[in-house]
Amino acid sequence: MGCDRWVMLVIPIIYALSNVSGELKRFEQPSKGDGSLSFLVIGDWGRRGAFNQSQVASQMGKMGEKLDIDFVVSTGDNFYDNGLRSVHDLAFEESFTNIYTANSLQKQWYSVLGNHDYRGDAEAQLSPLLTKIDTRWLCLRSFIVNAELAEIIFVDTTPFVKSYFQDPEDHIYDWRGINPRKHYIANLLKDVECALRESNAKWKIVVGHHAIKSVGHHGDTKELATHLLPILKANNVDFYMNGHDHCLEHISDTESPIQFLTSGAGSKAWRGDVKQLNREGLKFFYDGQGFMSVQLTQSNAEIAFYDVDGKILHRWNAFKQFGDHSSI
């Protein structure tokens, strides 16, 4: 029985008055016949092929075929500079359909919104009309993918960042469906905590656009470190995957088994500014373009990062037995 339904049954009057949100929508993603799972992770990409987006896409296609991937995860900032103007915006096909053309990439794409996506018509990316244009496309604010071996929770992180509301600079954000912000965030955190607590998946993965920990241009997202990270730690999450910083990055948490994995190098990169490069827990950082692969079995997870030429820059393995966490 879900947490929200439990609340509704026990205290129905309070439930009705408090307008508690429903459970996150779930999607079933079958694993392979042998029970394994493999997928690619890409973020911050949609530039009509420019800034090496097409070259990264080409290498993704090659690696997707080699790994026989089951799906692709997008960590947000799907369309630059200001999201989509509407469901009829040609940027959808020019930056997505016409770029990721390899046979191996004709799988389901699970996407979240980034801050740049909120600068356009955010709801356009959530529209089923885009799925009619390209059946691979699935984008919601927050949702769950049950991939049997793994449960992947996608979290809408942009509303957490207070500066977008208090100091938007010259940008106009599409906050339809978000305000009141505090209420939206509280409900989302409750839904995420509920889903993680009830999950029996071997691997627990959370995906958001913004980094919890990063030495890249944007650095840590303090709102996520304060509000989301304690929930991840309390519920034995294995990986938090994000974009936002236009780099590839791996940081091991020093207080839990969580691995922070940044894959936001789908196009424009090479910012050249790095924060605290000697930071404790930092395993890998690369400032250029590329993407990440994830391969999972019952006992092993292999994470790999690739550059624009398909070269493996960093590979890392985690092993799991009887619920224990260990890694090399």
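Using a/c under 1.5 as the rounded threshold, could you call region 115-192 rounded, prolate or oblate? The axes a ≥ b ≥ c are square roots of the C-alpha gyration tensor eigenvalues, and prolate needs a/b larger than b/c, oblate otherwise. Oblate, because a/c is 1.5 or more while a/b does not exceed b/c.
Taking 20 °C and 1.002 mPa s as conditions, region 130-261 diffuses translationally at an estimated 136 µm²/s according to Stokes-Einstein applied to its Kirkwood radius (Cα pairs).
Within the chain, which complete DSSP H helices have Cα atoms spanning at least 20 Å along the helix axis and a mean Kyte-Doolittle hydropathy of -1.0 or higher?
On the way: long enough: 53-67 (21 Å, -0.71); 181-198 (26 Å, -0.51).
Counting only whole DSSP H runs, the qualifying helices are 53-67, 181-198.
Less than 5 angstrom separates the built amide H of His116 from those of Asp77, all sequence-distant by 5 or more or on a different chain. A simple spin-label model places the labels of Ala201 and Trp175 3.1 nm from each other, with each point 7 Å out along Cα-to-Cβ.
With 10 Å bins beginning at zero, the pair-distance distribution over Cα atoms of region 27-166 amounts to 12, 43, 35, 10, 1 %.
Order the peptides 150-157, 95-102, 39-46 from the highest to the lowest mean number of other Cβ atoms within 10 Å of their residues. Walk me through the numbers on the way to the answer.
On the way: 150-157: 25.6, 95-102: 18.9, 39-46: 28.2.
Highest mean packing first, the order is 39-46, 150-157, 95-102.
Think of the chain as a dipole: +1 on every Lys or Arg Cβ, -1 on every Asp or Glu Cβ, centred on the Cα centre; then among Ile152, Ser267, Leu140, Ile152 lies furthest on the positive end. Counting 0.36 nm for each residue step from Asp34 to Glu65 and taking away their Cα separation leaves a gain of 9.4 nm. Across all Cα atoms of the chain, the radius of gyration (one decimal) and Dmax (whole number) stand at 18.7, 59 Å. Computed about the Cα centre, the dipole magnitude for region 186-322 is approximately 140 debye when only Lys and Arg (+1) and Asp and Glu (-1) carry charge, each at its Cβ.
FRET efficiency for the Thr135 to Ser86 pair, using the beta carbon distance and R₀ = 30 Å, is estimated at 0.90.
In the chain, the DSSP-assigned H stretches of four residues or longer account for a calculated mean residue ellipticity at 222 nm of -6000 deg cm²/dmol, using -39500 (n - 2.57) per stretch and the full residue count as denominator.
Estimated at 0.36 nm per residue, the fully extended path between Lys182 and Gln166 surpasses their Cα-Cα distance by 4.4 nm. Basic side chains Lys and Arg get +1 at the Cβ, acidic Asp and Glu get -1 at the Cβ, and with that the dipole of the chain about its Cα centre reaches some 260 debye.
With all protein chains in place and ligands, DNA and RNA left out, the 1.4 Å accessible area ranks Lys132, Lys25 as Lys132, Lys25, largest first.
The values are calculated or read from the model by the stated rules, or taken from the named source; none is laboratory data. What you are looking at is a predicted structure, and each value in this text was computed from that prediction instead of being measured. Cβ: placed from backbone, ideal geometry, glycine included. Neighbour counts: every protein chain shown. Heads up: the accessible areas ignore ligands, DNA and RNA and are worked out on the full protein's heavy atoms, side chains in. Shrake-Rupley method; radii C 1.70, N 1.55, O 1.52, S 1.80 Å.
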